[in-house]
1. Given contacts defined as C-alpha pairs under 8 Å and at least six residues apart, what's the relative contact order of chain A, whole-number percent?
2. Relative contact order for region A:97-190 using alpha-carbon pairs under 8 Å, separation at least 6, rounded to a whole percent?
3. Under 5 Å between amide hydrogens, which residues at least 5 positions from A:ARG40 or on another chain qualify, with H placed 1.01 Å from N in the peptide plane?
4. For the pairs A:LYS247/B:LYS2; A:LYS387/A:LYS421; A:LYS186/A:LYS247, note any where the Cα-Cα span goes beyond 21 Å.
5. Among residues other than A:GLY122 whose Cβ falls under 13 Å from its Cβ, what is the net charge (Lys/Arg +1, Asp/Glu -1)?
6. For A:GLU161, which sequence-distant residues (separation of 5 or more, or a different chain) have an amide H within less than 5 Å of its own amide H, given hydrogens modelled in the peptide plane?
7. Tally Lys and Arg at +1 and Asp and Glu at -1 over the other residues with C-beta under 12 Å from the C-beta of A:GLU181: what net charge comes out?
8. Any idea how far the Cα center of region B:91-115 sits from the one of region A:353-381, in Å?
Amino acid sequence: MSDITASKRALVIIGAGPAGMSAAVAAYDHGIRDILIIERDNAPGGILRQCIHNGFGLHTFKEELTGPEFAYRFEEQVRERGIEIKLNTMVLDITPDRMVTAINEKEGVFTIEAGAIILAMGCRERSKGALNIPGTRPAGVFTAGTAQKYVNMQGYMPGKEVVILGSGDIGLIMARRMTLEGAVVKAVCEIMPYSNGLTRNIEQCLNDFNIPPLLSHTVVKLHGRERLTGVTIAEVDAQRRPIESTKKFIQCDTLLLSVGLIPENELSKSADVVLDRMTGGAEVDEFRQTSTEGIFACGNVLHVHDLADFAADEGAIAGRAVVDYLTGNLKQQKRIRVLTDGRVRYTVPQYITSGKDVTLYYRVSNIFRNATVGIYEGERKLLERRKIKLAPGEMETITLPASLIASIVGDTIRIGLEEDK
Amino acid sequence: MKRKLICIVCPKGCEISVEYDETTKEVLNMTGHACRRGEEYARAECIAPKRTLTTTVRIKGGGLLPVRTDKPIPRELMFECMKVINRAEAPKDAKIGDVIIPNILGTGSNIIASANA
């Protein structure tokens, strides 16, 4: 690309979902004017455009909004500030020295030299290919988010009799959505003994419509040649192996998969950004700066959030920090690695580099009741918090005050969890 | 009638058992709740559950517009409301917040646009 003259921008943000737009607004409000947001879709909003259900914004705006309404609030803030968004534009490559190569129909391929980059590309759905369900390969198997796009944006119903595999929130939301539009949802199978969705979605999307959540169940076979005609489901044992005697056929023409989300980091890899195996996103410090200098990450590309509100909050953290980076005020005196004990699956950030209060976001690996979450340096306990209930589906936070961070002498600390005896 | 429900007021997720009379709409007995808000939630859920309905409506000339109720409606009216909404059309220039169907089924709740058409 050396023969192409690159234009320069102070800040390039990749993705105009809640995290990217919130990052742009925060960077602008802290003094950076030369901001470009690049979005591959034909409108800003990201995945919120198809999330027409309510439950957004309680945390950010103290009122309950639908996805499009929540996105519109940020879109307005971006527009009021005159921040440029390039729509229908796909970023093809970013380099460790922050050259962004993108393509669209009007300008063709072009390269921008960015002072800083914020990655806000969101996540994608785990698909059937990643699950390997035995049986035939008929039409009628969709990820829940694809079905959501068909129903809510394009007006197509994927089918009439539905089984849902996985109890992620999108699957639960789609169980209600398809029921309201006249389909029959016969079962939601969840391989784990607990649901991964929010309790209120279990109550309002399944229980309201008498849809049975089948915990410790999975789909073991697909049937049908051209179109799905049914699935075989089975209960699983403690090792998640199907129990032969519990196999049962359910007639259906549609299987929706709601089995997890994966941060979409192909671009990050091209910029040598180090990824965390647990989150699937970049390893970052408390400013959300990745291992590649000047490249920051926020929202679902960093780790999958429960609420769009939290993705937007994280965008604001990155947006503010980028301003400090660009003005030479990002003070990083140390690099303390936060280790986890396995019960705590991951934390974001993974590194602490300054002397300010730092909030760690974390997820646990199982359901724990009456437990204590502690942060330790060696044997020394820095901080502990009592928790009545912890679940993998609910992201938790713990804040390390500056005074405690100042007391850390080594370069690692550990976060762990103890259940009451 | 007896019902078990999981409280959604806070992340604790108490399992509340409620015994109530369907005809007199009276709660006879409640166990499992840990706070006052949980008690109120469980009572409302058994006596008069309400829900915000979100769906789409056709736009005149093509396309779909996301819409919602501006106030929660009685849960048992959700399917009736869907029938009304699926027969309706939104104008091409509908803006976010515009009333698309006023006072749906006499509930006092309007169906409003949740995006620009």
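The values are calculated or read from the model by the stated rules, or taken from the named source; none is laboratory data. What you see is a predicted model; the values in this text were computed from it and never measured. Positions of Cβ are generated from backbone atoms using ideal geometry, with glycine treated the same way; all protein chains shown enter the neighbour counts. Accessible surface is based on the protein model in full, side chains and every heavy atom, while ligands, DNA and RNA are left aside. Shrake-Rupley method; radii C 1.70, N 1.55, O 1.52, S 1.80 Å.
1. Details: 1019 pairs, mean separation 66.8, N = 421.
Relative contact order, chain A: 16 percent.
2. 18 percent
3. A:ALA16, A:THR89
4. Numbers: A:LYS247/B:LYS2 32 Å; A:LYS387/A:LYS421 14 Å; A:LYS186/A:LYS247 16 Å.
Checking Cα-Cα distances, A:LYS247/B:LYS2 exceed 21 Å.
5. Value of the local net charge: -3.
6. Residues meeting the criterion, in which the H sits 1.01 Å from N, are A:VAL184, A:ASP253, A:THR254.
7. Around A:GLU181, the surrounding residues sum to +4.
8. Using only Cα atoms, the two centres lie 46 Å from each other.
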